[in-house]
Amino acid sequence: MISLFGKLEPTLLERLKESVQKTKTELSARVEQILTGDRPVDQALLKELETALLSADIGVRTTKEILAAMRQKVNEHKLVEAKDLKRELKSEILKVLNAPLAGGDLSASLKASPRVIFIVGVNGTGKTTTTGKLTNRFRKEGASVVLCAADTFRAAAIEQLEIWARRADVEMIKQKPGADPSAVVYDALAAAVARKADVVLVDTAGRLHTKSNLMAELEKMKRTAAKVVPGAPHDVFLVLDATTGQNGLNQAREFWSQAGVTGIVLTKLDGTAKGGIVIAITRELNLPVRFVGTGEQIDDLVPFDAQTYVNSLFD
């Protein structure tokens with residue numbers, strides 16, 4: 001079994017490709033239509049290309065930056081044929097996705113023991129399911145995992161996480177519904193330290209970024225974690241629903257500013273034609289997309305790979 005954060009297996013590459021098929025159908029078809037024939041590479045063509053990128057939810061700011069770089073090369077006569085334009089478009093998107101990001105190298109945070117990862121987001125994005133899928137991935141690599149049921153507002157969330165814990169054969173720390181989430185975090189991290197666990201995944205309650213009291217509670221949970229495990233949480237993953245497009249970007253912007261998000265887990269990418277949101281998130285928030293949800297099953301969560309993503313959109 002390869003490292004989760006190393007080179008992707010062929011099967012994972014294929015599943016990542018499949019997850020962007022709806023976006024490919026929307027974006028690639030329009031790009032091909034624009035760039036076919038003997039059309040000159042002029043401002044009218046670039047304007048049509050801009051509209052195509054915006055329709056895929058790449059975002060206004062990111063689209064304008066990509067087009068500005070391409071216009072400069074057109075003006076310098078470095079791009080004269082449609083095929084050159086497509087190659088340059090791929091190159092500019094890849095440049096955005098491969099830029100140094102605020103979240104840093106995930107492998108660095110994984111050297112901590114135990115590795116403490118908070119899972120955050122608004123209601124309905126699939127945080128608990130994502131926590132379960134992450135647990136499955138870590139377990140497949142031989143890591144020992146402790147789950148923390150810090151969503152104490154929904155009794156169903158605790159029950160759902162228990163199901164995932166049984167499926168992955170890992171320990172879950174919980175308290176009664178309505179308990180202080182920070183107390184559950186303390187218990188879970190103390191248990192993980194005592195058992196010398198490798199990873200602690202903290203499933204937090206869904207919260208709107210506009211609710212200051214709930215964001216303050218999240219900050220309290222982070223302080224509690226740091227008291228038990230110095231430097232914790234080592235990562236804060238924001239779970240976003242890809243089908244929400246630019247609304248998801250707004251959510252991410254607020255969570256990043258208030259909760260110290262270090263990476264994005266994008267769910268339901270396979271169910272939207274607006275998968276360009278990956279590019280917008282990376283450029284506008286300077287945050288990496290860590291994982292992509294590719295379906296409903298326990299194995300349907302794959303590490304994000306920029307080169308595969310771009311190739312899948314255009315090739």
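The values are calculated or read from the model by the stated rules, or taken from the named source; none is laboratory data. Note that the structure is predicted; figures quoted are calculated from it, not measured. Every residue, glycine as well, gets a Cβ built from its backbone with ideal geometry; the counts of neighbours run over all protein chains shown.
Looking at (1) out of contact with any helix residue (DSSP H, G or I) (no Cβ under 9 Å at 6 or more places or on another chain); (2) touching a residue at least 40 places away in the same chain (Cβ under 8 Å), which one does A205 not meet, given that it meets all the others?
The single condition A205 does not satisfy is (1).
Considering each of A225, A280, A232, A252 in turn, give the residue that is part of a loop (DSSP other than H, G, I, E, B) and either in the same structural domain as D57 (by TED's automatic domain parsing) or surrounded by 22 or more Cβ atoms within 10 Å (Cβ to Cβ) (or both).
Values: A225 fails: part of a loop (DSSP other than H, G, I, E, B); A280 fails: part of a loop (DSSP other than H, G, I, E, B); A252 fails: part of a loop (DSSP other than H, G, I, E, B).
Going through A225, A280, A232, A252 in turn, the sole match is A232.
Quick one: in the range 138-159, which of the residues that are crowded, with 19+ Cβ neighbours inside 10 Å and of a type outside the set (A, V, I, L, M) is nearest to F255 (Cα to Cα)?
D151
Do we find that D299 is of a type outside the set (S, T, N, Q) and not assigned by TED's automatic domain parsing to the domain that holds T131 in this structure?
For D299, the condition - of a type outside the set (S, T, N, Q) and not assigned by TED's automatic domain parsing to the domain that holds T131 - is not met.
If a residue has to be over 17 Å from D84 (Cβ atoms) and either surrounded by 15 or more Cβ atoms within 10 Å (Cβ to Cβ) or among the charged types (D, E, K, R) (or both) to count, how many in the range 29-48 make the cut?
Adding up the residues that qualify gives 2.
What's the total number of residues in the range 49-68 that are more than 25 Å from T243 (Cβ to Cβ) and surrounded by 16 or more Cβ atoms within 10 Å (Cβ to Cβ)?
1
Filter the range 192-220 for residues that are part of a helix (DSSP H, G or I), buried (at least 20 other Cβ atoms within 10 Å of the Cβ) and at pLDDT below 95 and give the result.
Passing the criteria: only L218.
Got a number for residues in the range 27-62 being within 18 Å of G276 (Cα to Cα) and either of a type in the set (S, T, Y) or not in a helix (DSSP H, G or I) (or both)?
Here the count works out to 8.
Go through the residues of the range 221-242 one by one and say whether even a single one is farther than 15 Å from V292 by Cα and modelled with pLDDT under 80.
no
Evaluate the following for L189: is it of a type in the set (A, V, I, L, M) and crowded, with 19+ Cβ neighbours inside 10 Å? It would help to see each step written out before you state the result.
Working: of a type in the set (A, V, I, L, M): yes; crowded, with 19+ Cβ neighbours inside 10 Å: yes.
Taking the combined requirement at face value, the residue satisfies it.
Could you tell me whether the range 168-175 includes any residue that is aliphatic (A, V, I, L, M), in the same structural domain as E284 (by TED's automatic domain parsing), at pLDDT below 95 and closer than 24 Å to I298 by Cβ? Can you show your working first?
If we filter the range 168-175 for residues that are aliphatic (A, V, I, L, M), which is where we start, we get 168, 170, 172-173.
Then drop every residue that is not in the same structural domain as E284 (by TED's automatic domain parsing), which leaves 168, 170, 172-173.
The next check asks that each one be at pLDDT below 95; those that pass are 168.
When the remaining residues are screened for being closer than 24 Å to I298 by Cβ, the result is 168.
Yes: one or more hits.
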